[in-house]
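Data block below; observations after.
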Amino acid sequence: MSGGLFGMEEKSYALRIDELKIGDIVLKNIPSISHSAKNDHVLIGNKFLEKFLVLLDYPAGEMILTPYAIPFETNIPTYGIAFVKKDQKTMVSGVWNNSSAARNGLQPGDEVTKVNTMETSALSLMKIMALSLAKDKDTLTLELIKDKRFQEVILHKEMLLPDLN
């Protein structure tokens, strides 16, 4: 992703973990989103952890994951865009390469004034993110200021990672 997923300056990456072993559990083809890091660690986020009861044992330095019976997806449906609030404006913070957002010319720094006809000034960042992550919608309409002009774009949800062979 050009720009950061959460408004950070670093780039973000989408990847598929081929195999992950947790105790006796073997998981394959797990999608993950991470940001660039100097130590080459991959962050496994909420999309992965929501499948488990997570117990942290701080004195032992352990994280215990007990799986729920929720299947793991092998891809990430997305419009290819991330948002951040800066100075009470909603800005594009990142755009996934080859996504609907990228093909529509969106770039980090573009100001978003409306999401699905709702003024972004009246919406929290959490609400904007919820609209962009809604599982029951396949399009997202944005009004934005780009190159000092108003522009409307319709983004289509697509799978972020290439198909598995």
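Observations on the structure shown:
- Candidate set: segment 70-97, residues that are under 16 Å from the mean Cα position of the chain (by Cα) and part of a loop (DSSP other than H, G, I, E, B); chosen: the one farthest from Ile17 (Cα to Cα): Tyr79
- Restricting segment 26-45 to residues that are open to solvent by 50 Å² or more (accessible area, probe 1.4 Å) and modelled with pLDDT of 70 or more, the residue that is nearest to Ser100 (Cα to Cα) is Ile33.
- Looking across Leu160, Leu155, one residue alone is surrounded by 15 or more Cβ atoms within 10 Å (Cβ to Cβ) and over 30 Å from Glu19 (Cβ atoms). It is Leu155.
- Met118 meets each of the listed conditions (1) closer than 23 Å to Tyr13 by Cβ; (2) open to solvent by 60 Å² or more (accessible area, probe 1.4 Å); (3) out of contact with any Phe, Trp or Tyr (no Cβ under 8 Å at 6 or more places or on another chain) apart from (1).
- Yes/no for Ala82 being at pLDDT 80 or above, open to solvent by less than 60 Å² (accessible area, probe 1.4 Å) and among the small types (Gly, Ala, Ser): yes
- Check on Asp147, under 30 Å from Lys51 (Cα atoms), open to solvent by 60 Å² or more (accessible area, probe 1.4 Å), without any contact (Cβ under 8 Å) to a residue 12 or more places away in the chain and not hydrophobic (A, V, I, L, M, F, W, C): no
- Within this structure, Leu106 fails the test of being within 19 Å of Lys47 (Cβ to Cβ), open to solvent by less than 60 Å² (accessible area, probe 1.4 Å) and not in a helix (DSSP H, G or I).
The values are calculated or read from the model by the stated rules, or taken from the named source; none is laboratory data. Here the structure is a predicted model, which is why all the values come from computation and not from measurement. Because the Cβ atoms are built from the backbone with ideal geometry, glycine has one as well, and the counts that use them run over all protein chains shown. Heads up: the accessible areas ignore ligands, DNA and RNA and are worked out on the full protein's heavy atoms, side chains in. Shrake-Rupley method; radii C 1.70, N 1.55, O 1.52, S 1.80 Å.
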